[in-house]
Amino acid sequence: MAHNINFNEQTGQHSFFSVKQKAWHGLGQIVEEYPTSKEALQFAGLDYEVIKSPLFTQSRAMTVGNEGELIAGIDIAVPNYYATMRTDNNTVLGVVGRDYSIVQNRDAFSFFDAIVGGDGMQYETAGALGNGERIFITAKLPGYIKVGKDDYIEKYLFLTTSHDGSGSITAAFTPVRIVCQNTLGVALRNRSNTIKIRHTANAEDRLKEAHKVMGISNKMADELDSIFNQWTKVRITDKDVMKLIQQAMAPSKEVLKSLKTGEELSTVFKNICDNRHRYPRLEQLAFVAIGNRLHVEQENWIRENFPGRKFTLVFGKDLIGHITDIKLAAGIKNIPIRVFFLDNEVLIYRDKVLRVFNQEQISLHAFQEAFGIRPRFRTAKPVQSLTFLDQLKHDAER
């Protein structure tokens, strides 16, 4: 569960809220208007109290009572240590020391309100992770970072704090909209532009730090604006872009090492990188699985939902794969055909026209050439095997 969003069994809801758009995990409450800090606290399920409770252990020794009964060991208080606990469901969140000062969730929002200071920031997301031991808040700053002519990047401030003694109050500028544990980790990696406040600090010190955060945010936004716009003036080749994509998509240190040494990469990884290069915006890409036994309903659905689109057909390079390419391409273009097999030949009828193909030479390209069909399709075939299933088995054994 990479998102690690807390699920509150009492309310039956995940402790997360977002304004207008769903997060990738699809959890939590979606609201249409920017909430106040009080409303955000409730929407995100953060309206719970945390207390410090005495910590006890039990002695191992057992005693015999006056009646001969066994009496379990006594509770022994652990000095100078306490358990932090949610009061709404009695969940223990962590163990802290005597000097640890709890910062309630509502106090974290009040601190964030001090950062807002009437300058127009709006609460964008908030949530709790794990059992509620860590919370995060993201607020949108006014304005954008404009890159080039028409590319705009939102500016955010985020705040996170913990109730288990594992971390300080942390606030920083980020271009990342935080919606889960993963995106929080991304935002926390740039430590050089982060303000950290210990849980033992008093409220006055925290408010002083708030103004530092605003100063850092404005400075960081200006720096990013300059850096991003400088990047737009740099021209790189497709080969350079592919290198960057391969480094970003590398799933392990071994693959990164292979990239540096020039070793052969798996076909699956190369296909992933090729597709990412070809479709930099995911909304341009759709994957439809249909199998090898086509139905008219499938062809109609694809034709109706993807008009005017270019298609890559991903079937095997055996006879079944080539025939499937042809039948699907004809179906999408609404061209009725009939396919027959005779000895070592493939016979295809279209509008009373017959074309005969050798099974060794049949392909989508040969079909389109023979019937004068304008190509709108390309094919991707396994490199070292007849089918992609065999190719996957081959790559897995490497």
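General remarks:
- Computed over all pairs of different Cα atoms, the Kirkwood value for the hydrodynamic radius of region 286-396 is 14.8 Å.
- Label-point gap, in nm, between Leu256 and His25 - each point 7 angstrom along Cα→Cβ: 2.6 nm
- Shown is the FRET efficiency for Phe306 and Arg278, computed with R0 = 22 Å from the Cβ-Cβ distance and rounded to the nearest 0.05: 0.85.
- Spatially close lysines, pair count over region 286-396: Cα under 18 Å, gap of eight or more or interchain: 10
- Percent RCO, i.e. relative contact order, over region 286-396, from Cα pairs under 8 Å lying at least 6 residues apart: 29 percent
- For the residue pairs Lys20/Lys253; Lys38/Lys196; Lys22/Lys155; Lys38/Lys155, the C-alpha atoms sit more than 29 angstrom apart in Lys20/Lys253.
Values in this text are rule-based calculations from the coordinates and carry no lab data. Keep in mind that this is a model prediction, so the values were computed, not measured. Virtual Cβ from ideal backbone geometry, glycine too; neighbours counted across all protein chains shown.
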